[in-house]
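So the structure is just underneath, and the comments pick up after that.
The values are calculated or read from the model by the stated rules, or taken from the named source; none is laboratory data. Note that the structure is a prediction, hence the values are computed from the model and not measured. For neighbour counting, all protein chains shown are included, and Cβ atoms are generated from backbone atoms with ideal geometry for every residue, glycine included. Surface areas here come from the heavy atoms of the whole protein model, side chains and all, with no ligands, DNA or RNA. Shrake-Rupley method; radii C 1.70, N 1.55, O 1.52, S 1.80 Å.
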Amino acid sequence: MKVIKRDDTVVTFDRSKIIVALQKANAVVDETDRASDAQMEAIVREIESKQRPRILVEDIQDMVEQKLMELQKYVLAKTYIIYRYTRALVRKQNTTDDSILSLIRATNKDVMEENSNKNAVTAATQRDLIAGEVSKDLTRRVLLPERISKAHDEGAIHFHDADYFLQPIFNCCLINIGDMLENGTVMNAKLIESPKSFQVACTVMTQIIAAVASNQYGGQSVDIGHLGKFLRRSKEKFIKQLTEEVGGSMDEETLRKIASSLLRNELRSGVQTIQYQINTLMTTNGQSPFVTIFMHLREDDPYIKENAMIIEEILRQRLEGIKNEKGVFVTPAFPKLIYVLDEHNCLKGGAYDYLTRLAVKCSAKRLYPDYISAKKMRENYEGNVYSCMGCRSFLTPWRNPQGEYQFEGRFNQGVVSLNLPQIGILCCGDDEAFWAMLDERLQLCYDALMCRHNALKGTKSDVSPVHWQYGAIARLQKGEAIDHYLYDGYSTISLGYIGLYEVTKLMRGQSHTTGEGLAFALEIMRRMRAACDKWKAETSIAFGLYGTPAESLCYRFARVDKERFGTIEDVTDKGYYTNSYHVDVREYIDAFSKFTFESQFQVLSSGGAISYVEIPNMRHNLEALEDIVRFIYDNIQYAEFNTKSDYCHQCGFEGEIIVNDDFEWECPQCGNRDHAKMNVTRRTCGYLGENFWNEGKTKEIKARVLHL
């Protein structure tokens, strides 16, 4: 039996610790109030008889107290409780020493690997992680009610981002970049006026992104459509300058050609500024800004041609990649790209289909962009099309006092996620017990979410001037409270969930893709959505059901449940739970069917949802990808591709490793043939499986294996 201590470490059950604690309590009470050796032994055996593979130390102590009460050893039980309380006070003095020291020694793997975007060995990042450990410690011991902390430790729920809960900052947002560029802003007490050119607008935008990212913990998104105006300003500036310099000595056609050439150079430089600035800037969080660029060509946009040029350049530069430290072009982590499919670019003969074909090439080689269907989104969000926030959560539609829909300048207060499979494990197929426990756990999530909300109440605008005083979210006065923006649907707060597939297997014995399983899964979704709607009506806070993309949480919940309940086939045995409503990766389903199936869950999970398909290296079969993109437009709101590409660890090459005349893998960048230094995911036929290498075989056998 494994015991989970209060600091989350795991130790083997030691019966002697219980005996010693009882003996110490015995020693300070009258002889008539003491427990006999036989009674103490019986208490220990009772705990051992539970045969739980994983048990919290608090649960053991609860059992000891209960057995003492049953034995009518009330004075001894009181003494034991006082001793336990005193020890708790001692523990509460400091529980962060080990976690912080292990960070510095680079042995705290849980924290170091929690965020793949952070290099946890650098001094700047460690500073943020150390502060995060202090915040988590105070959050668990002081700031959260004990039952919520315990529920988090037991894996019943997950209280996200406890490493930043100590500060009055929020999760993610849509930056009001249009207002900040048009009306100016202030950074580091310096006035930044509205740019007069595209290049300067790009520079200012990246400075805003870095400042915003440094004062919140989640991602942020910007609508690139606001830059079209500044590209036109640059064009007009070039024409004016050329006209003034050459006068009537140049015909108008030549003048405009030169101006167009200058404009293309500025366009290229401006987009390059965005890409390189975002990937080289470091925020106070110790990472590059977690930013998403939203690319939507709106028919009524007066700058649609300029914005088409900007989107094309962004895609071209992403397709090329960015050079790593060895000078090899690789896929940058940021900015994330979202490309909107609309009537004029959904590959059905529209004027901007050429951009979508470029986006498909980019997806095949560089994973991004993701795709949003304007058609489906309008159906789900009152006719609106807008970006998710950097963390893929969506705002709810909201109208300003003038009756106009507004999305930019809004934010998410935080997330708490629910472990659905654990409810199924505990209820053992009992429907009545399941629905009752689901309601209990949802109430627990509500209480935890209200802790997040209440922590933001009373926050003054001075905590982050770029957010609250200079336009990213609002333009409040110094010292003004932000409370107004926490209510009436302006901001959202999110209920996440993990493991719809596994809980359906536990309660119905089948996947949620089947008839009875699907009905059960949809009922769970409807109940969670109804809870969010009820909370919103009661509090005037916009609760949203969020299909969270927190991949690390899928592993944490599964690990906790396996330690506690043991190995359960097709549930805890995999080492992970499926993310939100997604189809399990081991279940065969084609891309079209997967998107069709998951689209019905996206409608219910309106606080955030994305679906994806794993595809092989498709750079030589772009028509197939175009078919999927065309399908996305008509069938699902938000989707992405996960493609596989080869990688050479010797030189950093990322792309397609070739098979040479000797039927050996060979890196086209450095000529490396050492298979141990390669990660080859592609096969000639497109098969994706484990790497193989048949040493000592003949060329003919190798060739045959390669082409299977």
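Tabulated data for the structure shown
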| item | result |
| --- | --- |
| Modelled FRET efficiency - R0 60 Å, D430 with K478, Cβ distances, 0.05 increments | 0.60 |
| Cα-projected label distance for T284 with Y487, points at 7 Å along beta-carbon direction, nm | 2.9 |
| The range 154-240, relative contact order [Cα under 8 Å, separation at least 6], % | 35 |
| For the chain, size of Cβ-based charge dipole, Lys and Arg +1, Asp and Glu -1, in debye | 1060 |
| Average projection area in nm² (convex hull over Cα atoms of the range 159-216, one quarter of hull surface) | 4.7 |
| Once the Cα gyration tensor of the range 188-257 is diagonalised, semi-axes √(5λ) in Å | 36, 13, 7 |
| Computed lengthening from E41 to Q66, 0.36 nm per intervening residue step minus Cα-Cα distance | 7.5 nm |
| The chain: antiparallel DSSP beta bridges as a percent of all, rounded to 5 | 40 |
| Distance cut-off 15 Å, percentage of C-alpha pairs in the range 454-523 lying past it | 65 |
| Per residue value of the accessible surface for the range 544-595 (all protein chains in place, 1.4 Å probe), Å² | 41 |
| Rg in Å to one decimal, and Dmax rounded to a whole Å, for the range 485-544 via C-alpha atoms | 14.6, 45 |
| Within the range 317-350, trypsin sites (Lys or Arg not before Pro) in DSSP loop having at most 15 other beta-carbon neighbours inside 10 Å | K326, K348 |
| Centroid-to-centroid separation of the range 494-512 and the range 215-260 [C-alpha atoms, Å] | 53 |
| DSSP-defined beta bridges in the range 398-520 - what % are antiparallel, rounded to 5 | 25 |
| Rg and Dmax [Cα atoms of the range 125-240; Å; Rg one decimal, Dmax integer] | 20.2, 68 |
| FRET efficiency for E343 and N265, using Cβ-Cβ distance with R0 set to 35 Å, rounded to 0.05 | 0.60 |
| Alpha-carbon gyration tensor eigenvalues x 5, square-rooted, for the range 312-381, Å | 27, 14, 7 |
| Nearest-0.05 FRET efficiency for V20 and V603, computed from C-beta distance (R0 56 Å) | 0.45 |
| Sparse-neighbourhood loop sites, chymotrypsin sites (Phe, Trp or Tyr not before Pro) in the range 1-81 - DSSP loop, at most 11 other Cβ within 10 angstrom | none |
| Cα-projected label distance for A27 with Q167, points at 7 Å along beta-carbon direction, nm | 4.7 |
| Computed lengthening from E244 to S194, 0.36 nm per intervening residue step minus Cα-Cα distance | 15.6 nm |
| Whole-angstrom gap from the range 577-601 to the range 442-457, using each part's C-alpha centre | 31 |
| Solvent-accessible heavy-atom area per residue, rounded to whole Å², over the range 409-495 at 1.4 Å | 33 |
| Cα-Cα separations in the range 248-376 greater than 17 Å, expressed as whole percent | 64 |
| For the range 516-631, average projected area of the Cα convex hull in nm² | 9.6 |
| Diffusion coefficient, µm² s⁻¹, Stokes-Einstein with Kirkwood Rh over alpha-carbon pairs of the range 510-579 at 20 °C and 1.002 mPa s | 151 |
| Peptides ranked, highest mean first, by Cβ atoms within 10 Å: ranges 173-183, 529-539 | 173-183, 529-539 |
| Extension gain, E440 back to A537 (0.36 nm per residue minus Cα-Cα distance, nm) | 33.0 nm |
| Cα-based Rg of the chain normalised by 2.2 N^0.38 Å, two decimals | 1.08 |
| Sulfur and carbon atoms: percent of accessible area, the chain [1.4 Å] | 50 |
